[in-house]
Amino acid sequence: MPGLPTPARPRTAPPTGGPSASELLDFVRHTAADTPLVASLPLDPGGRTWLRLDGPDGSEAWLIGWPPGTGTGWHDHGGSRGAFAAAAGTLTEDSLTVPLPTEGWTVLGLADGVDRTHTLTDGRGRAFGPHHVHQVRNASPATHAISVHAYHPPLPLMRRYSRTGPLLRLEAVERPEDWG
């Protein structure tokens with residue numbers, strides 16, 4: 001749809017203190033190379049599995065198993081910065097190159113050229129700031145993938161979005177108590 005605005009820059013301040021996104025990336029890459037840890041994650045063909053880890057300097061970290069064909073859907077990390085790295089298999093990240101406002105909207109029109117796709121294998125990772133919106137998926141039809149994720153501050157919430165062409169719609173806000 002021509003004429004849709006580019007989303008405004010976020011108005012909230014980024015988190016202070018704790019590890020930087022770069023330090024979180026170093027942590028997830030190092031952890032992804034820990035072969036015994038990665039091998040210890042039980043894999044379920046019917047759904048994602050996870051193991052909570054101790055992240056650096058009070059950060060939250062996870063080892064996550066991804067069955068073939070699974071993904072997160074579009075989401076953000078509630079203002080936390082973070083990083084993730086592939087430990088086994090291949091993951092695809094679709095992300096937006098513009099930071100989005102965190103409050104005051106339910107539907108945003110995205111400008112052309114804001115989409116990026118990254119393929120992660122073999123310890124490759126990505127770091128991101130507090131306003132990153134993305135989806136991560138295991139596009140393989142037959143092979144599990146495993147990844148390591150870290151966030152600081154620990155996730156206060158996640159916003160879930162749906163996407164239809166250039167329209168991004170806020171669908172839900174989840175809090176840690178919702179994750180059981």
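Each value in this text was obtained by applying a stated rule to the coordinates, not by laboratory testing. Quick caveat, the model's predicted, so the values are computed rather than measured. With ideal geometry, Cβ positions are generated from the backbone for all residues, glycine too; neighbour counts draw on all protein chains shown.
Observations, loosely collected:
- Database remark: amide H of Arg81 closer than 5 angstrom to the amide H of His152 (H placed geometrically; neighbours at sequence offset of 5 or more, or on other chains; Pro and chain starts carry no H).
- Rounded to the nearest 20, the size of the Cβ-charge dipole of the range 20-164 about its Cα centre is 280 debye, with Lys and Arg at +1 and Asp and Glu at -1.
- Helix axis angle, 21-32 relative to the chain longest principal axis, alpha carbon, degrees: 30 degrees
- Across the alpha-carbon set of the range 38-85, the Rg to Rh ratio works out to 0.99, Rh being the Kirkwood radius.
- Among Trp66, Pro101, Gly47 - extreme Cα towards positive end, dipole of the chain, charges at beta-carbon: Pro101
- Packing, taken as the mean count of other beta carbons within 10 Å per residue, orders the peptides 37-43, 73-79 from highest to lowest as 73-79, 37-43.
- Computed over the chain, Kirkwood Rh from alpha-carbon pairs, angstrom: 16.7 Å
- Think of it as helices only: each DSSP H run of n ≥ 4 in the chain is worth -39500 (n - 2.57), and spread over all residues that comes to -3000 deg cm²/dmol at 222 nm.
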